[in-house]
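First the structure, in the form of structure tokens, and then the observations on it.
The values are calculated or read from the model by the stated rules, or taken from the named source; none is laboratory data. As the structure is a computational prediction, the values presented were derived from the model and not from experiment. Because the Cβ atoms are built from the backbone with ideal geometry, glycine has one as well, and the counts that use them run over all protein chains shown. Surface accessibility is based on the protein's heavy atoms, side chains included, excluding ligands, DNA and RNA. Shrake-Rupley method; radii C 1.70, N 1.55, O 1.52, S 1.80 Å.
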Amino acid sequence: MTIKKLNLDEDKARVAKLYKFENDALDEGYKFIAGVDEAGRGSLIGPVIVGAVILPPNLYLEKLNDSKKLSPKIREKLYDEIISNAVSVASVAVSADEIDTLNVYQATLQGMIRAVNCLTIQPDFVLTDAMRPQFNNKIKSRALIHGDSLSASIAAASIIAKVTRDRLAQDWGKDFPGYGFEKNSGYGTREHLAAIEKIGFTPIHRKTFEPVKGMIRQKFQPSLF
């Protein structure tokens, strides 16, 4: 019992530190602080999912952290707790077509703006994980390197985005068997790349990402030699 209590206290102290940037903004007079993060930028398929979350000040969410550092089971539990307790939550999908048109970085920036605009309560301060979208002039923003490990709001947004995209990947795995999407979420694993070589690419593959880009180029501009 003593060890469990100590671990819980340590986790509460760790999570409390994640509110430093949110509390700094509150001290400066801002009222609603949102965190924004994405999932799927490095995937070869489907949309990037962007999450935006406004948490109540200093809400304790057990094991809250960067979604990449959490097991799927803990991410799912935290997802439900964030949905239940947040002041406002939004997620948007930035399509593969938009990614191919704008490039993944610019498309993700647009997705972050849309996610913030979809919040039912508009924030006056936004924390982002490294990226710097141009929000309207009523919103102050701050980009934090490794923000999903430093800010409670960004960590919460990363969980919303990651769980949402992983759930979509389960459907993609059923729709396009053989690529392992349900396990790799479309990232370039050995199984996924081998399937592209053997089966070809799918309608949800991003056409400007290799190896699909090279396959398309080869198909329409074959070598003359």
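Annotation for Ile199 and Leu144: the two label points, set 7 Å from Cα along the Cα-Cβ direction, are 4.0 nm apart.
What's the carbon and sulfur percent of the chain's accessible surface, probe 1.4 angstrom, rounded to a whole number? Don't skip to the answer; put the middle values down first.
Details: 6700 of 12020 Å².
The computed percentage sits at 56.
When the trypsin sites (Lys or Arg not before Pro) in the stretch 97-194 are filtered for DSSP coil states and for at most 15 other beta-carbon atoms within 10 Å of their beta-carbon, the remaining sites are Lys138.
Of the residues Asn85, Pro211, Ile113, the one whose Cα sits farthest towards the positive end of the charge dipole of the chain is Pro211 (charges of +1 on Lys and Arg Cβ, -1 on Asp and Glu Cβ, taken about the Cα centre).
Given the Cα-Cα distance of Tyr30 and Ser84 and 0.36 nm per residue of separation, how much length would full extension add, in nm? Could you put the intermediate results ahead of the total?
Working: separation 54, 0.36 × 54 = 19.44 nm, distance 2.32 nm.
Extra length available between Tyr30 and Ser84 comes to 17.1 nm.
Stokes-Einstein diffusion for the stretch 35-105 at 20 °C, viscosity 1.002 mPa s, with a Kirkwood radius from C-alpha pairs, works out to 158 µm²/s. Using a probe of 1.4 angstrom and keeping all protein chains present, the accessible surface of the stretch 1-65 works out to 51 square angstrom per residue.
Once the Cβ-Cβ distance of Lys17 and Lys183 is raised to the sixth power relative to R0 = 35 Å, the FRET efficiency obtained is 0.55. Binning the C-alpha pair distances of the stretch 74-182 at 5 Å intervals from 0 yields a P(r) profile of 2, 11, 17, 23, 21, 15, 7, 3, 1, 0 %, listed from the shortest bin outward. Under the simplified labelling scheme, the Glu210-Glu62 pair shows an inter-label distance of 4.6 nm, with each label point 7 Å from Cα along Cα→Cβ.
By how many degrees, between 0 and 90 and to the nearest 10, does the Cα long axis of helix 104-118 differ from the longest principal axis of the chain? Long axis of 104-118 versus the principal axis of the chain: about 40 degrees. By a 1.4 Å probe calculation restricted to protein chains, Glu10 has an accessible surface near 100 Å², given to the nearest 10.
Rolling a 1.4 Å probe over the protein heavy atoms gives the stretch 107-225 an accessible area of 54 Å² per residue. Place a point 7 Å from the Cα of Arg41 along the Cα-to-Cβ direction; which residues of the stretch 82-96 have their backbone N under 17 Å from it? Hits in the stretch 82-96 for Arg41 at 17 Å: 92-96. On a 0 to 90 degree scale, rounded to 10, what angle separates helix 152-175 from the longest Cα axis of the chain? Here the helix axis deviates by roughly 30 degrees.
Centre-to-centre, using Cα atoms only, the stretch 67-115 and the stretch 159-225 are separated by 20 Å.
Coordinate range of the alpha-carbon atoms in the chain per principal axis, descending: 67, 49, 27 Å. Translational diffusion of the stretch 128-179 was estimated from the Stokes-Einstein equation, with Rh taken as the Kirkwood radius over Cα pairs; at 37 °C and 0.692 mPa s the coefficient is 251 µm²/s. What FRET efficiency comes out for Lys73 versus Ile121 if R0 is 30 angstrom and r is the Cβ-Cβ distance? Round to the nearest 0.05. For Lys73 and Ile121, the calculated efficiency is 0.50.
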